[in-house]
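Accompanying notes for the structure given below.
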Amino acid sequence: MVINMEEFEPKIVGFLCNWCSYAGADLAGTSRIQYPPNIRVIKVMCSGSVDSVYIMRALLEGADGVFIGGCHPGDCHYLDGNYKARRKSVLLKSILDTIGLEKERVWIRWVSASEGQKFADTIKEMTEEIKKLGPNPISKHWNI
Amino acid sequence: MKRIGVFVCHCGLNIADTVDIKKVVEDIGKHPNVAHVVDYTYMCSDPGQEMIKSAIVEKKLDGVIVAACTPTLHETTFRNAISSVGLNKYQFENANIREQCSWVHKDNKIATEKAIEIIKSIIEKLKLNQSLSAINIPVTRKALVIGGGISGMQAALDIANSGYEVVLVEKTSSIGGRMSQLSETFPTLDCASCILTPKTVEVGHHPNIKLLTYSEVEGVEGYLGNFKVKIRKKPAYVDWDKCTGCGICSEKCPTKISSEFERDMGTRKAIYIPFPQAVPKKPVIDSNHCIYFKTGKCKLCEKNCPIGAIDYDQKETTIEEEIGVILVATGFDLLPKESIGEYGYGKYQDVIDGLQFERLLSASGPTAGKIKRPSDGKIPKDIVFVQCVGSRDPEHGMPYCSKICCMYTAKHALLYKHAVHDGQAYVFYIDIRSGGKGYEEFVQKAVEDEKIIYLRGKVSRIFKDVGDDGKLIVWGVDTLTGKKIEIAADMVVLAMAAVPNKDTKELAKKLKISTDTYGFINEAHPKLRPVETLTAGIFLMGCAQAPKDIPETVAQASGAAARALTILSKSELEIDPLIAAVDEDICTGCGICLEVCAYNARKLHEIKKIAEVNEALCVGCGSCISACPSNASIHKNYTKEQILRMIEEVT
């Protein structure tokens, strides 16, 4: 399948923690900061609750990138959920490598409720980076 | 199949300008689960809410989605609206098509498509939402206050005066805490005892306060509203019920030892009342120093006690209390001067700490308020105060500011000048931090009126002069002039860093609350929940949290008491049911959830050997859900299935 890279618009699934990143995304909206429409947000209570299965499923279902947004280190609403998320993402990325998926498709970033601009900038940056990577090679085009 | 109603809000033009509402309604209407879809200018308005309510009844809806702003704004509004017509409020979901769609995109087509996808993903979630009811837990309407200093007393009084019972536990034999050791207080120079004594007396006599001094918390079990606390009462070897506090026993006791209350500036007997205004005013026998306990002879106190209150056979007792809320007020200590090498490791008698100087200034202190130096009783004519000893000093492990020292040093220097008119006071400081009502004026008064010399710089070394005049040589630097300073002082007062009371860590472990790098107790949120710990039902205040002065401590104590009263004032508490649950058929009892739970809300059932959730402690973070290897952990209304369906919908 030939994809025109010019027209390629990546699909990004974003898991945002209720307390920081989701509120940061809201603030980007309240401040009318524009960012690419490529992200679909799924609100979770804590980044630490994001199961690796969610990330894998998103990638297998055709997402070109997965974004996990949590509170800054030390600021987790639930003490240490963001650290748990970070540890899990490191492990997951090592698995992605082995199945031939670029680990750069999974981003974990800390965005606080006061960082609307940072949220918009991060999504913009991620969209551009995923565009460079091209479409998810396994996704729905897989042949088994 | 669930019959879902979708209500699309225009939000004036906020959404309608960018999102093609007509297209959204048309598209969503085709969804098999959507039984009703309608749009309106302002869904949150009264007519908007009425539309929702009547649709629930007429169209027999069992789930409602409002596609509008962020859930933070109106989730509660709509939950209440649907529950007013009998639909469970957890059958409501918000689709955020304003903050996260119409406001951040300009392209009409793209925003419309995105809005439709957002709503569809929320439909997938709502399809599997369970009807839940709030969890009710009973509340024991009694508070435990740990620590009888000014913060503990203030909180105990606030709660007791609101009509609830309080158990106040204090480690030493009298309440009063650090404040009872102070001479006068900044910035008004009120005598500490004069303003403290009415409070200690009120606590001592309050019908709602059960005062347990010379006691320590031994163990804590249970959770919010339902704690079981074991308190160990140490033996005083005096029957306090009989004792009248006349003090003859102390007078007759032949053993004199250094007094902890006087911070080694004075002495006490082996049977002693720590200070004259003690509450309760009852003596204890220090069995480590008592001649009778060491040799089996003496008994002078027993022979002289007019009412036979001495009881050498008294044993330690354990008291059990059922408690609803716990307030921690364990206070602070000063960093021992022995830990600072450059200032002589505490070996020079005339180098003392701030609290020792308080005792010298105190009218009821060992020198009756006369400033005499410890080594030879001479009145010091040159006195050096050193601020930030240990504080703001990462090398000593305390990069934080102890907050109270700038003010009390100014007070010390000022009171010194009031007592020794021809003396000269020097203060070494890094910065003067005098934020507070009347504080800066107070410092300026010390500098200008009393001619106290403030030198901006650190002291590098303090050592004894070779001569026999007993002078202490203070080497420092004045960074404003760049000159080295050498002062031959008669006495040096070190403003040692305020550190947590040494027992705080152990107590925090018993209470299962966390402490910071320095051992101070952590608050739930540094700004918005400053008097709560992360463990529900446990509150904190005063210097147990961080160094602070008396007004701030009292304010925080009243704040903690008010927060505690929001629990005590109810016989039952309602808890949000969006928490974890366990599928008992799948759980293998591996215990991973116990490890990842930061709130101790998980434990293994003793007989079934599978994991359980303590609904009162669980906060619904979901850590255990993603950690469970067998998918037995369930996050109510955030289940794995719901999230996976949402993922499928948006990819």
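The values are calculated or read from the model by the stated rules, or taken from the named source; none is laboratory data. Since we're looking at a predicted model, the values are computed, not measured. Note: accessible area is taken over every heavy atom of the protein model, side chains too, but ligands, DNA and RNA are not part of it. Shrake-Rupley method; radii C 1.70, N 1.55, O 1.52, S 1.80 Å.
Is it possible to state the helix-based mean residue ellipticity at 222 nm for chain A, with each DSSP H run of 4+ residues giving -39500 (n - 2.57), the sum divided by total residues, to the nearest 500 deg cm²/dmol? What is it? Before the final figure, lay out the partial values.
Values: 4 runs with 55 residues, N = 144.
Theoretical 222 nm ellipticity from helices: -12500 deg cm²/dmol.
If you take all C-alpha pairs in region B:333-499, what percent of them are over 23 Å apart?
More than 23 Å apart: 34 percent of the Cα pairs in region B:333-499.
Sort B:120, B:23 by heavy-atom solvent-accessible area, probe 1.4 angstrom, most to least. Walk me through the intermediate numbers first.
Values: B:120 55, B:23 90 Å².
Ranked list, largest accessible area first: B:23, B:120.
Give the Rg/Rh ratio for region B:4-127, taking Rg as the radius of gyration of the Cα atoms and Rh as the Kirkwood radius, to two decimals. Before the final figure, lay out each step's value.
On the way: Rg = 13.0 Å, Rh = 13.9 Å.
With Rh from the inverse mean 1/r over Cα pairs, Rg/Rh is 0.93.
Summarise the accessible area of chain A (1.4 Å probe, protein heavy atoms) by the percent that is carbon and sulfur.
Values: 3440 of 6300 Å².
That fraction is 55 percent.
Pop out a list of residues from region B:603-651 that are at least 30 Å² less accessible with all the protein chains around than in their chain alone; 1.4 Å probe, no ligands or nucleic acids counted.
Checking the loss per residue gives B:621, B:623, B:626, B:638, B:640, B:643, B:644, B:646, B:647, B:648, B:650, B:651.
Got a sec? Which residues of region A:23-43 lose 50 Å² or more of accessible surface with every protein chain in place, vs. that chain alone, 1.4 Å probe?
Relative to the lone chain, where solvent access is computed with a 1.4 Å probe, region A:23-43 loses at least 50 Å² at A:26, A:32, A:34, A:35, A:37, A:40, A:42, A:43.
Over the alpha carbons of region B:99-205, what is the largest minus smallest coordinate on each principal axis, giving the biggest first in Å?
74, 40, 23
Using only Cα atoms and rounding to the nearest 10 degrees, what angle (0 to 90) does helix B:640-650 make with the longest principal axis of chain B?
Tilt of helix B:640-650: around 60 degrees.
For region B:119-276, what mean projected area does the convex hull of the alpha carbons give, in nm²?
Working: hull surface 65.7 nm².
Dividing the Cα hull surface by four gives the mean projection, 16.4 nm².
So what's the convex hull volume per residue for the Cα atoms of region B:248-304, in Å³? Show your work: numbers first, answer last.
Details: hull volume 4.3 nm³, N = 57.
Once divided by residue count, the hull of region B:248-304 is 76 Å³.
Name the residue, out of A:95, A:68, A:123, whose mean-square fluctuation peaks in a Gaussian network model built on chain A with Cα pairs under 10 Å.
Looking only at A:95, A:68, A:123, the largest GNM fluctuation is found for A:95.
Which translational diffusion coefficient, to the nearest whole µm²/s, is obtained for the protein assembly as shown from the Stokes-Einstein equation, given a Kirkwood hydrodynamic radius over C-alpha pairs, 4 °C and 1.567 mPa s? Don't skip to the answer; put the middle values down first.
On the way: Rh = 30.7 Å.
It comes out at roughly 42 µm²/s.
For region A:12-140, what is the Kirkwood estimate of the hydrodynamic radius, computed as the reciprocal of the mean inverse distance between distinct Cα atoms, to one decimal in Å?
Details: mean 1/r = 0.0692 Å⁻¹.
Kirkwood radius, region A:12-140: 14.5 Å.
Take the alpha carbon atoms of region B:516-565, find their radius of gyration, then divide it by 2.2 N^0.38 Å using N residues; give the quotient.
Working: Rg = 10.1 Å, N = 50, 2.2 N^0.38 = 9.7 Å.
So the Cα radius of gyration is 1.04 times the expected 2.2 N^0.38 Å.
Need one number: buried accessible surface between chains A and B, 1.4 Å probe, both sides summed, DNA, RNA and ligands left out, in Å² to 100.
Working: alone 8010 and 29520 Å², together 34090 Å².
Between A and B, the summed buried area is about 3400 Å².
Students sometimes get this wrong: rank A:84, B:512 by accessible area, probe 1.4 Å, all chains present, largest first. Please list the in-between numbers first.
Working: A:84 30, B:512 110 Å².
The most accessible residue leads, giving B:512, A:84.
Quickly estimate the mean residue ellipticity at 222 nm for chain B, helices only: each DSSP H run with n ≥ 4 gives -39500 (n - 2.57), and the total goes over all residues, rounded to 500. Before the final figure, lay out the partial values.
Values: 17 runs with 178 residues, N = 651.
My calculation for chain B gives -8000 deg cm²/dmol from helical runs alone.
Could you report region B:4-127's accessible area per residue, 1.4 Å probe, as an integer in Å²? Don't skip to the end; give the middle numbers.
Working: 4810 Å² over 124 residues.
That works out to 39 Å² per residue.
Quick one, what does Rg over Rh come out to for region A:9-80 if you take C-alpha atoms and the Kirkwood Rh?
Working: Rg = 12.7 Å, Rh = 12.8 Å.
Looking at region A:9-80, the ratio lands at 0.99.
For residue B:471, what accessible surface area do you get with a 1.4 Å probe? Give it in Å², rounded to 10.
Answer for residue B:471: close to 40 Å² accessible.
How large a share of the accessible area of chain B, in percent, is made up of carbon and sulfur atoms when the probe is 1.4 Å and the other protein chains stay in place? Write down the numbers at each step before the final one.
Numbers: 14180 of 27780 Å².
Ligands and nucleic acids excluded, carbon and sulfur give 51 percent.
Rg/Rh for chain B to two decimals, with Rh computed the Kirkwood way over all alpha-carbon pairs.
Numbers: Rg = 32.4 Å, Rh = 29.3 Å.
Reported Rg/Rh, Kirkwood definition of Rh: 1.10.
When the chain is fully extended, how far beyond the present Cα-Cα distance does residue B:603 get from residue B:315, taking 0.36 nm per residue of separation?
Between residue B:603 and residue B:315, full extension yields 100.1 nm more.
Could you bin all the Cα-Cα distances of region B:578-635 into 10 Å bins starting at 0 and give me the percent of pairs in each, rounded to whole numbers?
28, 63, 9
How much area per residue is accessible in region B:242-400 when the probe is 1.4 Å and only protein heavy atoms are counted (Å²)?
Numbers: 7260 Å² over 159 residues.
Ligands and nucleic acids excluded, the result is 46 Å² per residue.
Taking chain B as the reference, fit the longest principal axis to its C-alpha atoms, fit the long axis of helix B:150-161 to the helix C-alpha atoms, and give the angle between the two in degrees, 0 to 90, nearest 10.
With rounding to tens, the tilt is 60 degrees.
Taking 1 over the mean of 1/r across every pair of different Cα atoms in region B:282-406, what Kirkwood radius in Å do you get? Display every interim value, and only then the final one.
Numbers: mean 1/r = 0.0512 Å⁻¹.
The answer is 19.5 Å.
Compute the acute angle (0 to 90°) between the alpha-carbon long axis of helix B:71-84 and the principal axis of greatest extent of the alpha-carbon atoms of chain B; round to the nearest 10°.
In chain B, helix B:71-84 runs at an angle near 60 degrees to the longest axis.
Using every Cα-Cα pair within region B:566-611, state what percent have a distance larger than 14 Å. Mind showing how you got there, number by number?
Numbers: 624 of 1035 pairs.
Cα-Cα pairs of region B:566-611 separated by over 14 Å account for 60 percent.
Residue B:599: accessible area at probe 1.4 Å, nearest 10 Å²?
Its heavy atoms expose roughly 20 Å² to the probe.
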